[in-house]
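Nothing in this text is a laboratory measurement; each read-out follows from the coordinates by a stated rule. Keep in mind the model is a prediction, meaning the values are calculated, not measured. For neighbour counting, all protein chains shown are included, and Cβ atoms are generated from backbone atoms with ideal geometry for every residue, glycine included.
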Amino acid sequence: MPPVARSYLYVPGDREELLRKAAGRGADALVLDLEDAVTPARKDEARRSVAAALAGAATTETWVRINSDQVRSDVEVLSPAAAGVWVPKAEPELLAEVDRALARVESQLGLPESTFAVVALIETAQGVLTCPQVAAAPRVLRLGLGEADLAGELGLQPGPDRTELAPIRSQVVVASAVARIVAPVGPVETTLRDPDRLDRTTRTLLRQGFRARSAIHPGQLTTINAVFTPTPAEVAAAREVVDALERAARDGAGVATDANGRLLDRAVVRTAAEVLRRAERSAG
């Protein structure tokens, strides 16, 4: 399986100098932004800049965040170099529209059906309620979470640890698991000059079931990549768990114990195997 992105860097679509430099910033993937980062008066300029940025061969996995009310115009910027689109305010009806628009572009470019994938951003109350359908929609590779938009719509006033949004985060993680898609992308950290906070909130997302995070500044990428990459010690511990159960299975047993006497069953091994998969993908 190819590497799965741990970090996605948002790049304003109307900032040509940032678009040129973005690939060397250390993100696993880029999100060229036609939505929030671009004022209404500059949307057309941003489309031209993003189309030009996608015209060459991509050196980094590259996505385009489109506007939910300008789908057809926005997807026209895509080229074979793009992985697909990020869809804000994702709901089933909107995703159906996106699917049709992407199919048209694929046909125009002579590309195979479903070349372009979708990252669906849960940012509305309806998106939360229909999260399972969103996760199961055609082309959806993984879900993301836009907590600023969501908090505004729901009237939430999140505290520093954002526990008010924990139930919604869990819904996104569960919907992803049920649909058997890639684990979701966590929301951005908007505090830029507090590395300890970035590390702490990213580790919280990891514990909650997220396996990537979007960034709004290149300075956030090193921390995000590190948190979502298992350490050598974690990899060694996971390998020990998997090996122990494999040895037990060869002896006809369904459980084993580790060096500390901890009982190891298939549920524990499943978690260890996920650590090993993440390590392999990060190395890929």
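Assorted remarks:
- Folded to 0 to 90 degrees: helix 92-109 orientation relative to the chain principal axis, Cα: 70 degrees
- Label reach from H217 (point 7 Å along Cα→C-beta): in the stretch 39-63, no amide nitrogen lies under 14 Å.
- Between the entries (i) 19.3, 62; (ii) 20.1, 69; (iii) 23.2, 76, the label attached to Rg and Dmax of the Cα atoms in Å calculated for this structure is (ii).
- Other residues whose C-beta falls under 13 angstrom from the C-beta of R42 contribute a net charge of -3, scoring Lys and Arg +1 and Asp and Glu -1.
- Mean shadow area of the stretch 41-149 over all directions, Cα convex hull, nm²: 6.9 nm²
- Each of R266, R239 has some number of other Cβ atoms within 10 Å of its Cβ, and from fewest to most they run R266, R239.
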